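The numbers here are math on the coordinates, done by the rules we state, and not lab data. The shown structure was predicted, so the numbers you read here are calculated from the model rather than taken from an experiment. Because the Cβ atoms are built from the backbone with ideal geometry, glycine has one as well, and the counts that use them run over all protein chains shown.
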Amino acid sequence: MRVMRYLKFLAFTFVLVLLCLFGDQGFFKLQRLRAAEQRLKQENFEMADKNTKLQEEVVRLKDSHYLEKMIHERMGYVKPDEIVIELGSP
């Protein structure tokens with residue numbers, strides 16, 4: 001009788017440990033959630049940094065001299081009184 005009670009206790013304990021490790025709210029799920037949280041925090045940091053840079057670019061683009069420079073560089077715009085000289089590679 002005592003052995004049977006001990007075996008039931010061991011079985012119950014084993015099932016409880018399995019549930020704690022692999023269950024819906026288990027240890028391994030917690031580890032996966034923590035890893036996902038870290039990835040999301042890193043992504044959030046990177047996006048916040050990119051957002052700051054874009055906001056700074058918006059402020060710079062409101063400056064007419066900077067805007068003109070960007071139009072020249074990015075779009076290849078040439079003023080009517082400018083001459084373009086293209087140097088090709090040999």
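Annotated for the chain: lysine pairs at least 8 residues apart or interchain, Cα distance under 30 Å, count 11.
Hand me the GluC sites (Glu not before Pro) from segment 3-90 located in a DSSP loop with no more than 11 other Cβ atoms within 10 Å, in residue order please. Provide the component values of the computation, followed by the final result.
Details: sites: E37, E43, E46, E56, E57, E68, E73, E82, E86; in loops: E82, E86.
Loop-located and lightly packed - E82, E86.
Taking the centroid of alpha carbons for each part, segment 3-22 and segment 33-54 are 42 Å apart. Per the Debye calculation on the chain with a single equal scatterer at every Cα and no solvent contribution, log₁₀ I(q)/I(0) for q = 0.14 Å⁻¹ amounts to -0.80.
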